[in-house]
Amino acid sequence: MSELHDPALLARLIAVVGAERVACSAQDMAPFLTDWRGRYSGDALAVVHPGTTEEVASVVGLCAGHGVAVVPQGGNTGLCGGATPLPGARSVVLNLSRLNRIRAVDTANNTLVAEAGCTLASIQAAARDVGRLFPLSLASEGSCEIGGNLSTNAGGVQVLRYGNMRDLTLGLEVVLPDGRIWDGLRGLRKDNTGYDLKHLFIGAEGTLGVITAAVLKLYPAPRARVTAWVKVADPEAAVRLLGHLQDRCGDRVTAFEIVGAEALGLVLEHIPDMRAPLYPIGPWSVLVELTDAAVGNGLDALLERELGAAFDRGLAEDAVVAASLAQAGALWALRENISEAQRIEGFSIKHDIAVPVSRIAEFLRRAEAALYARWPDVRIVVFGHIGDGNLHYNLSKPDSLDNARFLGLTPEINRVVHDLVDELGGTISAEHGLGQLKREEVTRYKNPVELDLMRLVKSGLDPQNIMNPGKVI
């Protein structure tokens with residue numbers, strides 16, 4: 001690892017946060033210099049752990065004065081290397097996990113103010129404690145932190161009903177690249193006093209500033225919930241089933257997840273105590289959940305009735321409806337453990353794409369044909385949030401030992417997948433961000449005017465390019 005070449009900066013950082021909060025040895029920094037997937041590793045002069053917004057501002061201001069890059073980091077659960085410093089970089093990793101207070105809860109306004117280092121699970125729990133729901137839900141919710149969720153505009157399994165982080169955020173507190181603090185912690189649903197600045201920082205992956213706190217929307221807590229695992233013939237049937245349930249059940253359709261047989265198979269192979277809910281396992285399944293804030297509304301009967309109608313219309317082949325919270329949890333565990341099962345299996349070429357819901361079946365059909373034509377033994381692992389058009393489309397070889405060579409084909413495979421996504425009016429990054437992984441790739445698909453506008457925003461807010469350089473743009 002790099003040595004700290006600026007003793008004056010080290011001394012000033014220690015003066016701000018304390019010696020025990022500044023790590024600069026290789027051993028102490030190691031956990032913060034590699035991403036969750038183990039794909040990216042970098043170097044840093046130090047890892048700093050501030051505990052307040054004022055300390056964050058002081059650290060950023062010092063780094064700006066010394067020309068040292070700042071890499072904001074939360075739970076380090078990202079999948080695109082966005083929170084990992086670059087190799088050989090003269091940078092400081094700014095880990096925000098100590099900013100973990102729930103500052104305020106306002107049940108009348110249905111808002112909660114959380115600091116960036118709060119885990120998503122702790123925010124969900126704080127909302128439950130006052131009879132409310134914070135609906136963002138991710139497989140990593142026990143370790144991911146809300147600052148990272150904001151910085152990547154996270155989506156998750158309930159975007160279908162509640163939207164992603166942009167939709168769930170009313171205000172932000174941000175430390176700017178020069179060390180100033182912008183206090184935009186307003187819990188307003190209407191404010192037409194100029195540019196809505198918070199949207200510059202949501203999804204910016206720390207390249208424009210450091211999010212330190214946010215005003216988040218809360219919703220009535222669901223008092224009725226029903227979950228089902230449904231076998232469908234193909235993705236076209238899944239999309240038609242989604243439309244059927246939305247027509248008949250309205251916005252009570254909270255989640256609608258698709259799982260391919262390969263994805264389910266990896267979970268059954270690598271995750272202990274997992275069982276397939278239906279036998280034989282079909283090529284495609286969907287996980288459906290309906291929720292309602294009212295009790296005694298016959299939600300179970302509604303879903304069973306509409307699934308029966310779906311069988312009659314040829315939209316579903318078999319289904320199991322969870323009879324208890326434990327059974328519902330077991331169904332969700334099959335979906336939520338797919339990423340972990342893939343990590344255990346080994347590297348794969350991952351795509352986090354979205355197309356219009358109406359084009360999902362076409363994308364899957366055409367992508368599969370194009371890939372099999374060139375790589376007949378490719379393994380295609382598909383799962384994702386079909387309700388909002390977001391698919392995790394991951395490719396590998398059946399024998400993990402072949403994957404090292406296969407990963408070398410990433411540019412060629414990306415051309416096949418991403419060009420088709422673009423043709424269908426989609427995006428190559430739906431919810432994971434760009435980070436290091438797709439920073440260059442996105443320039444092939446972004447409109448040049450759009451890229452120029454992004455560069456103007458970046459240079460205007462961060463003229464020194466010290467905020468998470470080498471990411472996004």
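Say whether the condition of being surrounded by fewer than 17 Cβ atoms within 10 Å (Cβ to Cβ) and of a type outside the set (A, V, I, L, M) is met by at least one residue in the range 86-97.
Going residue by residue through the range 86-97, those that are surrounded by fewer than 17 Cβ atoms within 10 Å (Cβ to Cβ) are 87-88.
Checking the rest, the ones that are also of a type outside the set (A, V, I, L, M) come to 87-88.
Scanning the range 86-97 turns up at least one residue that is surrounded by fewer than 17 Cβ atoms within 10 Å (Cβ to Cβ) and of a type outside the set (A, V, I, L, M).
Among the residues of the range 306-333, the one identified as farther than 30 Å from Arg132 by Cβ, part of a helix (DSSP H, G or I) and either of a type in the set (D, E, K, R) or touching a Gly at 6+ places or on another chain (Cβ under 9 Å) (or both) is Asp312. When the criteria are applied in full, Asp247 meets the requirement of being modelled with pLDDT of 95 or more, exposed (fewer than 15 other Cβ atoms within 10 Å of the Cβ) and under 29 Å from the mean Cα position of the chain (by Cα).
Quick check: anything in the range 238-255 without any contact (Cβ under 8 Å) to a residue 12 or more places away in the chain and among the acidic types (Asp, Glu)? Break it down into steps so the answer makes sense when it comes.
Residues of the range 238-255 that are without any contact (Cβ under 8 Å) to a residue 12 or more places away in the chain, as a first pass: 243, 246-247, 250.
Right, trim to among the acidic types (Asp, Glu) and you get 247.
Yes: the range 238-255 contains one or more residues that are without any contact (Cβ under 8 Å) to a residue 12 or more places away in the chain and among the acidic types (Asp, Glu).
Pairs linking a residue in the range 173-184 that is under 15 Å from Pro72 (Cα atoms) to a residue that is of a type in the set (Asp, Glu), with Cβ atoms under 9 Å and 6 or more positions apart or on different chains, are Glu173/Glu115; Glu173/Asp183; Val174/Asp183; Leu176/Asp462; Pro177/Asp462; Asp178/Asp462.
Just one of the listed residues (Leu407, Leu395) is in contact (Cβ under 8 Å) with a residue 60 or more places away in the chain and either crowded, with 22+ Cβ neighbours inside 10 Å or over 16 Å from the mean Cα position of the chain (by Cα) (or both), namely Leu407. Looking at the range 23-67 only, could you name the residues that are part of a loop (DSSP other than H, G, I, E, B) and among the aliphatic types (A, V, I, L, M)? Selection gives Leu33, Ala44, Leu45. Per this entry, Lys217 is not counted among residues that are under 20 Å from Leu391 (Cβ atoms), buried (at least 18 other Cβ atoms within 10 Å of the Cβ) and of a type in the set (Lys, Arg). For the range 22-58, the tally of residues that are over 26 Å from Leu176 (Cβ atoms) and in contact with an Asp or Glu (Cβ under 7 Å, 6 or more places away or on another chain) stands at 0.
Cβ-Cβ distances below 6 Å connect the following pairs, each with a first residue in the range 20-33 that is at pLDDT below 95, a second residue that is surrounded by 19 or more Cβ atoms within 10 Å (Cβ to Cβ) and assigned to a helix (DSSP H, G or I), and a separation of six or more residues or different chains: Ala23/Met29. Note on the range 356-388: residues that are surrounded by 18 or more Cβ atoms within 10 Å (Cβ to Cβ) and among the acidic types (Asp, Glu) amount to 1. For the range 416-426, filtered to residues that are within 23 Å of the chain's Cα centre (by Cα) and of a type outside the set (A, V, I, L, M, F, W, C), the residue that is nearest to Val230 (Cα to Cα) is Gly426.
When you go through Val417, Val421, Val457, Val472 one by one, which is the residue that is of a type outside the set (Lys, Arg), surrounded by fewer than 17 Cβ atoms within 10 Å (Cβ to Cβ) and touching a residue at least 60 places away in the same chain (Cβ under 8 Å)? Answer to the check: Val457.
Scoring Leu13 on the criteria (1) under 21 Å from Asn149 (Cα atoms); (2) at pLDDT 95 or above leaves a single failure, condition (1).
The values are calculated or read from the model by the stated rules, or taken from the named source; none is laboratory data. Bear in mind the structure is a predicted one, so any value in this text is a computation, not a measurement. With ideal geometry, Cβ positions are generated from the backbone for all residues, glycine too; neighbour counts draw on all protein chains shown.
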